[in-house]
1. Would you check which residues across segment 218-272 are within 18 Å of residue 60 (Cα to Cα) and touching a Pro at 6+ places or on another chain (Cβ under 9 Å) and list them?
2. For segment 342-366, enumerate the residues that are buried (at least 18 other Cβ atoms within 10 Å of the Cβ), away from the ligand (no atom under 16 Å from the Cβ) and part of a strand (DSSP E or B).
3. Among the candidates 284, 290, 262, which residue alone is part of a loop (DSSP other than H, G, I, E, B) and within 30 Å of residue 197 (Cα to Cα)?
4. Please find, among 314, 291, the residue that is under 26 Å from the mean Cα position of the chain (by Cα) and under 24 Å from residue 348 (Cβ atoms).
5. Where the second residue is surrounded by fewer than 24 Cβ atoms within 10 Å (Cβ to Cβ) and at pLDDT below 95 and the first is more than 18 Å from residue 73 (Cα to Cα) and lies in segment 175-195, which pairs have Cβ atoms under 8 Å and are six or more apart or on separate chains?
6. Restricting attention to segment 39-59, does a residue exist that is farther than 23 Å from residue 264 by Cα, in a helix (DSSP H, G or I) and within 16 Å of the ligand (Cβ to nearest atom)?
7. Name the residues in segment 90-124 that are among the acidic types (Asp, Glu), away from the ligand (no atom under 16 Å from the Cβ) and touching a residue at least 24 places away in the same chain (Cβ under 8 Å), would you?
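The values are calculated or read from the model by the stated rules, or taken from the named source; none is laboratory data. This one's a predicted model, so the numbers in the text were calculated from it and none came from an experiment. Cβ placement follows ideal geometry from the backbone for every residue including glycine, while neighbour counts extend to all protein chains displayed.
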Amino acid sequence: MNAGAPLPRVGDPVESIDTPALVVDLDAMERNLAAMAAFARSHGVRLRPHAKMHKSATIARMQRAAGAVGVCVQKTSEAEALAAAGIDDIYLSNEVIDVAKLARVAALAKRIRLAIAVDSSEGIERLARAVAAAGSTIDVFVEVDVGHGRCGAPAAAAGQLAQHVVSHAPPDGGLRFAGVQAYHGSAQHLRGDAERAAASQHAASLARAAQASIGAAGIACPLVTGAGTGTFAFDVASGVWGELQAGSYLFMDRDYADNDVAASAPRFEHALFVKSRVISRGAAHAVIDAGHKSHAIDSGPPRLWQRAGTWTSGGDEHGIVRPPPGGDSGDLPALGETVWLVPGHCDPTVNLHDRYVCVRGGLAAGVVEALWPIEARGCVA
Ligand SMILES: Cc1ncc(COP(=O)(O)O)c(C=O)c1O
C-alpha cells in the first residue's frame, strides 16, 4: 500500500482492505509479545527486542510497556527515526565507522540514552572523538565474534578493547563501558534444536572467554547482550547472557517457523501477513498481485496461509500460485479471491511498506483496528 492507494479506515472489515497490503494480526502479535516478555521475566534476564525487524515506534512502545528495557536497531538512521518518534532508550547493536555518521550518533546521544557496539581500536578512537566534540556520553559494548564470522573481535582481544573504551570514560571522555555484544546470527536459522543448542554453547564459551579477558584487564563486565529468536532459550540456559535482543518472535516469518521449536521456548504464532488477491487465472495456476514489491524472498518463498499450494515468483508485481504436489486446479483460488501470504523473512518485507494495517478478530472475520506508520522504513544507512 502506498500514498496513492485508498487507506483502510478503522472499523472496515478485513475483506475490504486493498491489496497488496501488509497486515498485522493484533491478537497473535500481542500473544507473542506477552509470551517473550513473560519468558524474560521468569528467567531474570532483560529484554531489549530488535526493532530492525518491525521499525515501528508504536510497537517499540508496546514492548517497553510489557517490560522491555529499550530496543535495539542496526542503523544510525533507524535510531534517528525511532528517536524522532519518541523512543528514548536505543542500542545501536552494530559498528559505525564513518566520521559523519558518528557525529550523528554523538548528537543523538545528547537527546536519548544511546548505546553502540565497537570491535576495533580505530572505531573506539573515532567514537571517542565524535562524542567529545558533541559533549555527549554513550554506552559502549565490545562486540565479540561468537561464531558468525561477521563483525566482532576475537574473544581474547575483548580485554584490550574494553581497556581502550575505559580510557575514554567520564569525566574526561564520553564512553561508558557497558559489556559484551555476543550475537550469533547464522545460528538462528539452523533447523534442528540440537544444532542450535550446540551453536549457542559454542557462542557461550566464546562470550565467557571475552568476560575472562575483560576481567584479566581488571575491568568489570556489566552485561552480555545478544540472542535471537532461534537461540534465546538455549542462550538463557547457559547463564551467560543477561539481555536478549530477539526481534522476529513478534511476527514469526515462514523461515523461523521452519525451525524445530526448542522444548524450553515459548510457541510463537504468525502475526504478519501480506494480503493479496488473484488477478488472473490459468488452467493450472493462479496469479496474485503480490511479487517482490510486496515481500522479500531472501530467506525463501512465502507460505500460503491456510490454503494448500505453493507460491513462486512471477516478478516484481506477480506471484504464481500452483496446486500442492498431487493436487489439481480445483485447489487453486478463484479469480478475485483473497490469498494470504506468510512472508519468508519479516524484516526486509516490512521495509517495503509504509504502514501496518492492524486487524483485530482474525483474518477471516476481523476488522481494521489501527494503521501504524513504519517510521524506520527505508532507513538503510
Ligand atoms: C545484532 C542482532 N541482534 C538481534 C537480532 C534479532 O534476531 P531475530 O530477529 O532473528 O530474533 C539480530 C537480527 O538480525 C541482530 O542482527
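1. The answer is 244, 245, 246, 247, 249, 250, 251, 272.
2. Those that are buried (at least 18 other Cβ atoms within 10 Å of the Cβ), away from the ligand (no atom under 16 Å from the Cβ) and part of a strand (DSSP E or B): 355, 356, 357, 358, 359.
3. The unique qualifying residue is 262.
4. That would be 291, the only listed residue that is under 26 Å from the mean Cα position of the chain (by Cα) and under 24 Å from residue 348 (Cβ atoms).
5. 191/260; 192/260; 193/260; 193/261; 193/262; 193/263
6. Yes, that holds for at least one residue.
7. 122
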